[in-house]
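See structure below.
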Amino acid sequence: MGKSLFTLSDLPAEEIVSIIDRAMMFCQGIDIPNFSDKIACNLFFEPSTRTQYSFNVAEVRLGMRVISFNPAASSLNKAESFYDTVKTFDSFGPDAIVIRHSENEYYKQLEGYINAAILNGGDGTGNHPTQSLLDLMTIKQEFGHFEGLKCVIAGDISHSRVAHTDYEVMRRLGMEVVTAGPDFFLEDSLKQEDFDSAVKTSDIVMMLRVQHERHASHMAMTAEEYHRAYGLTLEREKTMKDKAIIMHPAPVNRGVELADSLMECPRARIFKQMSNGVFVRMAVLERGVL
Ligand code: CP
């Protein structure tokens, strides 16, 4: 069986750091393995641009052969179950299966029944391990370390698998992590701070997308009201520390959680995060199929 990656909370801090270090080597073009005898299946049951296609690019860079999946044209439409769909792909004999699914911890029903390495591309509001790895890689490139850095994660915390994954792993690596945003998006179990004060004192300001598609009801405020109250406006950006950076897992609602012109401002690392996604996914694939 391949080495699966379901959550980062399963991994010791040393292993997380070693995956990031490996990704940083790949970023410099060093020691890239050739997996031309290996096959990856990308099973995205939920929409994705960055995770799906950066896994695809990572697989291509490793020389792997790649099978993509179109749920709309599959036998899911004949009531085939999620489990039987994954088990079907596994029976074709791939080395890795990348999965995104809307159900939290979908992987629990697969554990022990699938031969390929299962690499979690996001489960519901639970985990997004490769997003957190690319976030950490971006932070390490910027600051050279994690210990003692402060990160505010702001916005739609309750629907965000990125927030849940980053909060746990960043604290484990010695960072101070606080959350901010409207009460209806926050969680009591996560440390909270006033947004304006957190923006002024953080090294990393991580904004989250308002996930309209996961809301049971519409927000009781307009996009403009949300931006003024909880978004990273041009005025708030001016209060950030000199060396502080802006991150966002994307896709971004420009002008809602983030002022449009901040998306590519000198502090923004949003497209850098996306580039790093290819290298951390190469490292996770290598760990999975070796
Ligand atoms: N950040 C992220 O997971 O983006 P996608 O939903 O486009 O994969």
ask   = ALA96: crowded, with 23+ Cβ neighbours inside 10 Å, more than 13 Å from the ligand (Cβ to nearest atom), over 30 Å from LEU186 (Cα atoms) and at pLDDT 95 or above, yes or no?
value = yes
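What are the residues in the stretch 15-31 that are of a type outside the set (Gly, Ala, Ser) and outside any helix (DSSP H, G or I), if any? Break it down stepwise before answering.
Initial filter on the stretch 15-31 (of a type outside the set (Gly, Ala, Ser)): 15-17, 19-22, 24-28, 30-31.
Scanning the stretch 15-31 gives GLN28, ILE30, ASP31.
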In the stretch 124-154, residue nearest to LYS241 (Cα to Cα) [restricted to those that are surrounded by fewer than 24 Cβ atoms within 10 Å (Cβ to Cβ) and among the acidic types (Asp, Glu)] = GLU142
remark   = The one condition PRO94 fails out of (1) closer than 18 Å to ILE39 by Cα; (2) outside any loop (DSSP other than H, G, I, E, B) is (2)
message = Residues to consider are PHE44, PHE89; find the one that is under 27 Å from VAL162 (Cβ atoms), surrounded by 15 or more Cβ atoms within 10 Å (Cβ to Cβ), among the aromatic types (Phe, Trp, Tyr) and within 16 Å of the ligand (Cβ to nearest atom).
response = PHE44
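Take the stretch 99-138 and flag every residue that is among the small types (Gly, Ala, Ser) and either in a loop (DSSP other than H, G, I, E, B) or away from the ligand (no atom under 13 Å from the Cβ) (or both). Show your work before the answer.
In the first step, residues of the stretch 99-138 are kept if they are among the small types (Gly, Ala, Ser); the result is 102, 112, 116-117, 121-122, 124, 126, 132.
Within the stretch 99-138, SER102, GLY112, ALA116, ALA117, GLY124, GLY126 meet the criteria.
Please find, within the stretch 78-98, the residue that is nearest to THR130 (Cα to Cα) out of those that are among the aliphatic types (A, V, I, L, M) and in contact with a helix residue (DSSP H, G or I) (Cβ under 7 Å, 6 or more places away or on another chain).
Quick first cut of the stretch 78-98, residues among the aliphatic types (A, V, I, L, M) only: 79, 86, 96-98.
Then keep just the ones that are in contact with a helix residue (DSSP H, G or I) (Cβ under 7 Å, 6 or more places away or on another chain); that gives 96-98.
Working: ALA96: 15, ILE97: 14, VAL98: 11 Å.
Among those residues, the one meeting the criterion is VAL98.
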query = Residues in the stretch 229-260 that are more than 16 Å from the ligand (Cβ to nearest atom), of a type in the set (Lys, Arg) and either surrounded by 12 or more Cβ atoms within 10 Å (Cβ to Cβ) or in a loop (DSSP other than H, G, I, E, B) (or both): how many?
reply = 3
query = Considering the stretch 139-153 alone, what residues qualify as being outside any strand (DSSP E or B) and not polar (S, T, N, Q)?
reply = ILE139, LYS140, GLU142, PHE143, GLY144, HIS145, PHE146, GLU147, GLY148, LEU149
Count - residues of the stretch 1-38 that are under 17 Å from LEU290 (Cβ atoms), in contact with a strand residue (DSSP E or B) (Cβ under 7 Å, 6 or more places away or on another chain) and crowded, with 19+ Cβ neighbours inside 10 Å = 3
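The values are calculated or read from the model by the stated rules, or taken from the named source; none is laboratory data. Only a predicted model underlies this, so the values are computations on that prediction, with no experimental measurement involved. Cβ atoms come from the backbone with ideal geometry, glycine included; neighbour counts cover every protein chain shown.
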